[in-house]
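Please read the structure below before turning to the comments.
The values are calculated or read from the model by the stated rules, or taken from the named source; none is laboratory data. Only a predicted model underlies this, so the values are computations on that prediction, with no experimental measurement involved. Cβ: placed from backbone, ideal geometry, glycine included. Neighbour counts: every protein chain shown.
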Amino acid sequence: MTAIHRIVVLDAAPATVQARVACVLQDASGFHVLSARTQAGHDGIGNMACLLEEVLKEARWDRPDLVVVVIGPGSFTGLRTSCSLAAGLAFGYDCPVVGVTRGEALTDALSAYVTQHNLDGWLCVTAARSGRWFVESAAPDSLTSGPVVAVRQADWDAPSGHWLIAGDVIDDVLLKAPISLKAFPIPGEAGMQEIARAGLNRLQGHIAPRPALPLYVDPPEAKLPAAGLRARPQ
């Protein structure tokens, strides 16, 4: 395998709607962010290609060795945009592209904490629309999460045992089961270095394969018109 040093990271998954782009250098001492941009809102998602151009120029890279994209769960528009940009970038530069989930990006830190505190596993719970949460889970020593599910906040019950909670709704989740759940001390999204590390682990086969495609937990909200589609033009 060709040595991987220059990693482009793309993330537009959070339900809060924002775009993050970074150039991450991997060397013998670890992963280092050379340049990064964050822009909030749908304008940020629509501007991801421009943000990418800026970080590549600032890092003085003529090409990446690997593209890593966060595939979800999260914003439908953000996932579609970031995954499309990742695929196009990888095709244009003839380099590999891999996807990681929001939970997988935190796996190294979460698994270490679970092992240290002898917990049953970790849950990454993130905000969804319409009073729901997205829930990822993994057992101790697992580098990849299981299926991601969407649950209604009012109906969700914590699993039996003692679990570590990560994600962007930690405080709300703890109200459901304050005894059996333990909050991860570093709340929020994974850093760009962590996403890059998880992506490289997947490329090298340390994490089970997963396509770099949007992880749609919910079906699209678009529906056919009530009167049906227009007739084909003659």
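What the table shows:
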{"item": "Pair list, Cβ under 7 Å, 6 or more apart: the stretch 54-70 residue in contact (Cβ under 8 Å) with a residue 40 or more places away in the chain and closer than 14 Å to M192 by Cβ, other residue of a type in the set (G, A, S) and in a loop (DSSP other than H, G, I, E, B)", "result": "V69/A212; V70/A13"}
{"item": "Residue count for the stretch 99-113, restricted to those that are under 21 Å from V217 (Cβ atoms) and more than 11 Å from the chain's Cα centre (by Cα)", "result": "2"}
{"item": "Single match in S137, S160 (criterion: among the hydroxyl-bearing types (S, T, Y) and surrounded by 17 or more Cβ atoms within 10 Å (Cβ to Cβ))", "result": "S137"}
{"item": "Filter pass, T126 being loosely packed, with under 15 Cβ neighbours inside 10 Å and touching a residue at least 12 places away in the same chain (Cβ under 8 Å)", "result": "no"}
{"item": "G199 being small (G, A, S) and either touching a helix residue (DSSP H, G or I) at 6+ places or on another chain (Cβ under 8 Å) or at positive phi (or both)", "result": "no"}
{"item": "Condition broken by G30, with the remaining ones in (1) of a type in the set (G, A, S); (2) touching a residue at least 24 places away in the same chain (Cβ under 8 Å); (3) within 18 Å of P211 (Cα to Cα) satisfied", "result": "(3)"}
{"item": "Per-region count, the stretch 169-193, residues at pLDDT below 90, in contact with a Gly (Cβ under 8 Å, 6 or more places away or on another chain) and either within 26 Å of I207 (Cα to Cα) or among the hydrophobic types (A, V, I, L, M, F, W, C) (or both)", "result": "1"}
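Residue-wise test of (1) farther than 15 Å from D11 by Cβ; (2) not assigned by TED's automatic domain parsing to the domain that holds C23.
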| residue | (1), (2) |
| --- | --- |
| R63 | yes, no |
| L89 | no, no |
| D94 | yes, no |
| V98 | no, no |
| D120 | yes, yes |
| L123 | yes, yes |
| R129 | yes, yes |
